[in-house]
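Please read the structure below before turning to the comments.
Computed from the coordinates by the stated procedures, all read-outs in this text should not be read as laboratory data. Bear in mind that the values here come from a model prediction, so they are computed numbers and not experimental data. We place every Cβ from the backbone using ideal geometry, glycine too, and count neighbours over all the protein chains shown.
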Amino acid sequence: MEVLRTSGQLLCYLTLNMPKPRGREHSTLTETATLVVHELVKIPGIKMIAPGEIRTNSRGASGRFVTCVYTNAGFELIISGQSAQKVAVHTTSDPKIIFTELKASKKLRDFTFKDRERKPGTR
């Protein structure tokens, strides 16, 4: 597994040689997303982890939440705390098993996990 860094920021995690570079637009991770991504790196069966858009919440932070949205390539995590960030995860094995392993992580005990299928018209 290879971790690419640009000026101290995490850019993209690659486990295989990808045909073209990804993760160039959004190169930062929120503090909450960093904890989740570091646990994802330890799980086998992940092909790529790419950080996505960050949105600041207008309401106060009431906890840490991870929502898993299953896609054709794997799943997308919506990680929220003080702000919300999407992280795309491409997998080579069953994404439901990988998400179950992520939920079982001891370092992520303070997080509330839920999952859903991708619904038409929702992001």
Per-residue HN-Hα couplings for region 29-39, Karplus 6.51 cos²θ - 1.76 cosθ + 1.60 at θ = phi - 60°, whole Hz, x for Gly and Pro?
-> 10, 6, 4, 5, 5, 4, 4, 5, 5, 5, 6
Could I have the simple spin-label model distance between D110 and S83, label points 7 Å from Cα toward Cβ, reported in nm to one decimal?
-> 1.9
From the phi of every residue in region 87-94, what ³J(HN,Hα) in whole Hz does the Karplus formula 6.51 cos²θ - 1.76 cosθ + 1.60 yield, where θ is phi - 60° and glycine or proline is x?
-> 10, 8, 10, 9, 10, 9, 10, 4
5 angstrom amide H check on T92, placed H, neighbours 5+ away | I46, K47
Can you pull the one-decimal nm distance between simple spin-label points at E117 and K47, each 7 Å off the Cα toward Cβ?
-> 2.2
